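Enquirer: Before we start, here is the structure in question, set down as structure tokens.
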Amino acid sequence: MSLRLTGAVAAGKAVAYASRLLGLGGGTVLPGRVARWIFPPVLEHLAAGLEQVVVVSGTNGKTTTARLLARMLETGGVPAVHNRAGANLQAGLVASLVLASDVRGRPCRRAGVFEVDEATLPTVADALRPRVVVLTNLFRDQLDRYAELERVAEGWRRTLGRLPSAVVCYNADDPQVADVAQAAGRRVAFGIQDPSAGRSALEEAADVRYCYRCGVAYRYEVVFLSHAGHYGCPSCGWSRPVPEVRAERVTVRGTSGFEVELAWGGERLALRSRLPGLYNVYNVLAAAAAARCLGLSGDVVRQATESVAPAFGRGERLAWGGVTLQILLVKNPAGFNEVLRLVVPERPRALLLAIHDRTADGRDVSWLWDVEFEQLRGLDAHITVSGIRAEDMALRLKYAGWPEDKTTVEKDLVRALRRARESTPPGEVLFCLPTYTAMLELRRILARAGAVAPFWED
Amino acid sequence: MDLHLVHLYPDLLNLYGDRGNLVALRERAQRRGISVRVTQVRLIDRLPPDADLFLLGGGEDRQQVLVAQALHRWGEALRSAVARGAVVLAVCGGYQLLGHLYRAADGRELAGLGLLDVVTEHPGHGARRLVGNVVATCTLPEVGSLVGFENHGGRTRLGAQARPLARVRVGYGNNGEDGTEGAWAGTVFGTYLHGPILPKNPRFADFLLALALRRRHGPVALQPLDDRWEQAAHVAAAARAGVRLG
């Protein structure tokens, strides 16, 4: 036993305790920073005590996929250490392990499920030694931080090459992810097979349309989400791998959930989920594919999937001050477009768009111009625009043809929430679409009002 | 009155919402009763010979290589359009390709079109990217201040035939050293500013519109628009960078 490891764990625990006592927050990151400062290789040492580690990475869907998978393991009798509050950089991973370990640095659980930031994956993979790596998708996101998607993909490629014994569960419908996954020793592909769930044209913001092998434009038979779909290269012949875990029939029921029939290895699996939208079909597929690699049964997967409700900010509905709020996080063009596609058919009467530009949101708000707000045209709704970049958002709406007299600009989120509530007719839902830190702020506001629990208790 | 806008390679060079520039030009022309035709040019297409304004956005290195090849195929067409008075606005990666040369992070050299007397060099993946909010003063007096967001590895230096588009107040600009941002010569404009640049810099948008219309319609006085929201976004972006504009 290492004294420094013990010291690091004890100090981390003390920081978390003090942080909660002082009301400074949930301690999802700081304990990890302190522990690493005392003993830099703490992650490797703590993770070594876990028998099976799963990491989930990708632009969208990390948090929900990891939650689904953690629930599946729990249902199967193997509760996992899990960074469920979504702190997915190295310090956040360490913090979750510190809090779940005894002072000698032995985790109290046998398994670990970690969502990992896509640019962080290469720096933690060796320490975590995952048995299963889940790769969800690669969309353009926070270009001020990640620079270029190609470089994230290159980092993944090198990482997979260093993990020959890991099984990589990857999204076959995303051509860039499928290309990266070929660097892995062992692979399980997942994807949507049912073409009726998709559309025929690529949307404007799609990032990848040219073959990774020869540079010729892919031909798409069907598109499900941004550039995810059934593609093939007419020149070199490389095409979407047929997935082992695939959604044969998909029925999406708007914001209230979906049903899906999976081909799951040799088995058929009918699942029902309360998670909203087609993008969550991918999250369920990803978790189901990983569950199969971990030897969980179909019954466990079904039971766990049905039990998972949307997390805060990911479609959760809550009552506040006489109206129903539905909060849907928007982080990047692909995600925002999917959320609009989900919300518009509900004929919303009131929306709140909250756009911050802090580091975790992406400091460059140019991405708002890649979102198809033109979809909103014709709605009988009032839109309240808020956040540090409220003016940018309002301008984007104006140029999407949204009337100025149906827009209110209120930078302060507390006041904006009140205004948006006033604009919501009785019995209607107020749809709140915040960026990441605006979502956290919204949660604090609603927690103070007693409408939700603080995020670390989620 | 009519206007023909061409978006060059939107499928490859549209990394940072740069299609907003097209939306801004189109909307601002249409609000003034000008009829607008938009042509999206993809890799295999010829350039339309009668266009008034070409837009070129930014892309990743991989896509930039594909575009550089296409530009060489159609470069003569673009050069002769410019010789006939067509306007070009190129942002970031597109700006780099309008210069003489772009040396990529891995040392590979892409020959540019030479429409602007600039050279760009990427000092390598280890070097700091120039990222952040920008507030600059445009060298075109009718434009005034420019706001936007830059995110580039390449360092661009201006030759004698190119004039800086702006002087940086906050941010890095062309290279982080000489205080210049972007470049222009005649009717060709290059800039590192995303945001996208035109929606929240309406005076620059109108400057380009008037210049593009002049080619076939002679000098045009554009009627003023209600720009309160554009102005609010302009001022807010500057404030975010720590600059209070009057």
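Enquirer: Among the residues of segment A:55-73, is there at least one that is farther than 30 Å from A:H227 by Cβ and not assigned by TED's automatic domain parsing to the domain that holds A:F336?
Expert: yes
Enquirer: Let me ask another. For segment A:359-371, what are the residues that are away from chain B (no Cβ under 11 Å) and among the charged types (D, E, K, R)?
Expert: Matches in segment A:359-371: A:D361 only.
Enquirer: Could you tell me whether A:R443 is away from every other protein chain (no Cβ under 14 Å) and assigned to a helix (DSSP H, G or I)?
Expert: For A:R443, the condition - away from every other protein chain (no Cβ under 14 Å) and assigned to a helix (DSSP H, G or I) - is met.
Enquirer: I would also like to ask the following. For segment A:233-256, enumerate the residues that are part of a loop (DSSP other than H, G, I, E, B) and over 28 Å from A:L340 (Cβ atoms).
Expert: A:C233, A:P234, A:S235, A:C236, A:G237, A:W238, A:P241, A:V242, A:E244 - these are the residues of segment A:233-256 that are part of a loop (DSSP other than H, G, I, E, B) and over 28 Å from A:L340 (Cβ atoms).
Enquirer: Condition test on A:D102, is it buried (at least 19 other Cβ atoms within 10 Å of the Cβ) and outside the structural domain of A:N332 (by TED's automatic domain parsing)?
Expert: So A:D102 does not fit the description; no.
Enquirer: Go through segment A:110-143 residue by residue and tally those that are within 14 Å of chain B (Cβ to nearest Cβ) and either in contact with an Asp or Glu (Cβ under 7 Å, 6 or more places away or on another chain) or part of a strand (DSSP E or B) (or both).
Expert: Of the residues in that region, 4 qualify.
Enquirer: One residue is enough: does segment A:282-292 have a residue meeting the conditions within 25 Å of A:V177 (Cβ to Cβ), in contact with a strand residue (DSSP E or B) (Cβ under 7 Å, 6 or more places away or on another chain) and part of a loop (DSSP other than H, G, I, E, B)? Reasoning before the result, please.
Expert: Residues of segment A:282-292 that are within 25 Å of A:V177 (Cβ to Cβ), as a first pass: A:282-292.
Narrowing the set further to residues that are in contact with a strand residue (DSSP E or B) (Cβ under 7 Å, 6 or more places away or on another chain) leaves A:282, A:284-286, A:288-290, A:292.
Filter once more, keeping what is part of a loop (DSSP other than H, G, I, E, B): none.
Looking through segment A:282-292, none of the residues is within 25 Å of A:V177 (Cβ to Cβ), in contact with a strand residue (DSSP E or B) (Cβ under 7 Å, 6 or more places away or on another chain) and part of a loop (DSSP other than H, G, I, E, B).
Enquirer: In segment B:147-167, what residues are crowded, with 17+ Cβ neighbours inside 10 Å, in contact with a His (Cβ under 9 Å, 6 or more places away or on another chain) and either under 23 Å from B:A86 (Cβ atoms) or among the polar types (S, T, N, Q) (or both)?
Expert: Across segment B:147-167, the qualifying residue is only B:N151.
Enquirer: With a cut-off of at least 2 residues that are buried (at least 18 other Cβ atoms within 10 Å of the Cβ), at pLDDT 95 or above and of a type outside the set (V, I, T), name the strands (runs of 3 or more DSSP E) lying wholly within segment B:1-95.
Expert: Correct list: B:2-8, B:53-56, B:87-91.
Enquirer: Here is a further query. Which numbered condition in (1) touching a strand residue (DSSP E or B) at 6+ places or on another chain (Cβ under 9 Å); (2) within 11 Å of chain B (Cβ to nearest Cβ) is the only one that A:P333 fails?
Expert: Unmet condition: (1).
Enquirer: So which of A:L325, A:L271, A:L275, A:L296 ends up being touching a Pro at 6+ places or on another chain (Cβ under 9 Å) and either touching a residue at least 12 places away in the same chain (Cβ under 8 Å) or in a loop (DSSP other than H, G, I, E, B) (or both)?
Expert: The match here is A:L275.
Enquirer: Now for a different question. Which residues, taken from segment B:120-147, are within 12 Å of chain A (Cβ to nearest Cβ) and either among the hydrophobic types (A, V, I, L, M, F, W, C) or under 24 Å from B:L110 (Cβ atoms) (or both)?
Expert: Hits for segment B:120-147 are B:H122, B:H125, B:A127, B:R128, B:R129, B:L130, B:V131, B:V134, B:V147.
Enquirer: Sticking with this structure for a sec: Using the structure shown, decide if A:E267 is more than 21 Å from the chain's Cα centre (by Cα) and either under 30 Å from A:V78 (Cβ atoms) or β-branched (V, I, T) (or both). Lay out the reasoning, then the answer.
Expert: On the way: more than 21 Å from the chain's Cα centre (by Cα): yes; either under 30 Å from A:V78 (Cβ atoms) or β-branched (V, I, T) (or both): yes.
Yes, satisfied.
Enquirer: Let me ask another. Only one residue in B:T120, B:T139 is closer than 21 Å to B:L66 by Cα, under 16 Å from the mean Cα position of the chain (by Cα) and of a type in the set (S, T, N, Q). Which one?
Expert: B:T120
Enquirer: Now for a separate question. Tally up the residues in segment A:193-222 that are at pLDDT 80 or above and part of a strand (DSSP E or B), please.
Expert: 6
Enquirer: Need the failing condition index for B:V170 against (1) more than 14 Å from chain A (Cβ to nearest Cβ); (2) surrounded by fewer than 17 Cβ atoms within 10 Å (Cβ to Cβ); (3) closer than 22 Å to B:D18 by Cα, just the number.
Expert: Against the list (1) more than 14 Å from chain A (Cβ to nearest Cβ); (2) surrounded by fewer than 17 Cβ atoms within 10 Å (Cβ to Cβ); (3) closer than 22 Å to B:D18 by Cα, B:V170 comes up short only on (1).
Enquirer: Filter segment A:251-289 down to residues that are small (G, A, S) and surrounded by 19 or more Cβ atoms within 10 Å (Cβ to Cβ) and give me whichever is modelled with the lowest pLDDT.
Expert: Going through the qualifying residues, I end up with A:G277.
Enquirer: Does A:T6 fit the bill of being part of a loop (DSSP other than H, G, I, E, B) and under 23 Å from A:A80 (Cα atoms)?
Expert: When the stated conditions are applied, A:T6 does not pass them.
Here is a yes/no grid of residues against (1) buried (at least 18 other Cβ atoms within 10 Å of the Cβ); (2) part of a strand (DSSP E or B); (3) modelled with pLDDT of 95 or more:
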{"position": "A:D357", "(1), (2), (3)": "yes, no, yes"}
{"position": "A:E391", "(1), (2), (3)": "yes, no, yes"}
{"position": "A:L395", "(1), (2), (3)": "yes, no, yes"}
{"position": "A:G401", "(1), (2), (3)": "no, no, yes"}
{"position": "A:T408", "(1), (2), (3)": "yes, yes, yes"}
{"position": "A:K411", "(1), (2), (3)": "no, no, yes"}
{"position": "A:A416", "(1), (2), (3)": "yes, no, yes"}
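Enquirer: Kindly provide the set of residues from segment A:172-192 that are touching an Asp or Glu at 6+ places or on another chain (Cβ under 7 Å) and either farther than 27 Å from A:D370 by Cα or modelled with pLDDT under 95 (or both), ordered by number.
Expert: Listed by number, the residues that qualify are A:V188, A:A189.
Enquirer: Looking only at segment B:174-207, count how many residues are over 18 Å from B:F149 (Cβ atoms) and surrounded by 24 or more Cβ atoms within 10 Å (Cβ to Cβ).
Expert: 1
Enquirer: OK, next. In segment A:372-385, is there at least one residue being closer than 28 Å to A:R253 by Cα, surrounded by 21 or more Cβ atoms within 10 Å (Cβ to Cβ) and touching an Asp or Glu at 6+ places or on another chain (Cβ under 8 Å)?
Expert: Scanning segment A:372-385 turns up at least one residue that is closer than 28 Å to A:R253 by Cα, surrounded by 21 or more Cβ atoms within 10 Å (Cβ to Cβ) and touching an Asp or Glu at 6+ places or on another chain (Cβ under 8 Å).
Enquirer: Give A:A394, A:A438 a once-over and let me know the one that is of a type in the set (A, V, I, L, M) and within 13 Å of chain B (Cβ to nearest Cβ).
Expert: Unique residue meeting the criteria: A:A394.
Enquirer: In this structure, does B:R203 turn out to be away from every other protein chain (no Cβ under 14 Å), over 30 Å from A:I388 (Cα atoms) and part of a helix (DSSP H, G or I)?
Expert: Answer is no for this residue.
Enquirer: Given the conditions (1) modelled with pLDDT of 95 or more; (2) under 19 Å from the mean Cα position of the chain (by Cα), which single one is not true for A:E248?
Expert: Among (1) modelled with pLDDT of 95 or more; (2) under 19 Å from the mean Cα position of the chain (by Cα), A:E248 violates only (2).
Enquirer: Could you tell me whether A:R36 is farther than 30 Å from A:A228 by Cα, in contact with a Phe, Trp or Tyr (Cβ under 7 Å, 6 or more places away or on another chain) and not in a loop (DSSP other than H, G, I, E, B)?
Expert: No, not satisfied.
Enquirer: Could you say whether any residue in segment A:427-435 is within 14 Å of chain B (Cβ to nearest Cβ) and either among the polar types (S, T, N, Q) or in contact with a Gly (Cβ under 7 Å, 6 or more places away or on another chain) (or both)?
Expert: No, the conditions are met nowhere in segment A:427-435.
The values are calculated or read from the model by the stated rules, or taken from the named source; none is laboratory data. Computed from a predicted structure; not experimentally measured. No Cβ is skipped: glycine too gets one built from the backbone with ideal geometry, and neighbour counts run over all protein chains shown.
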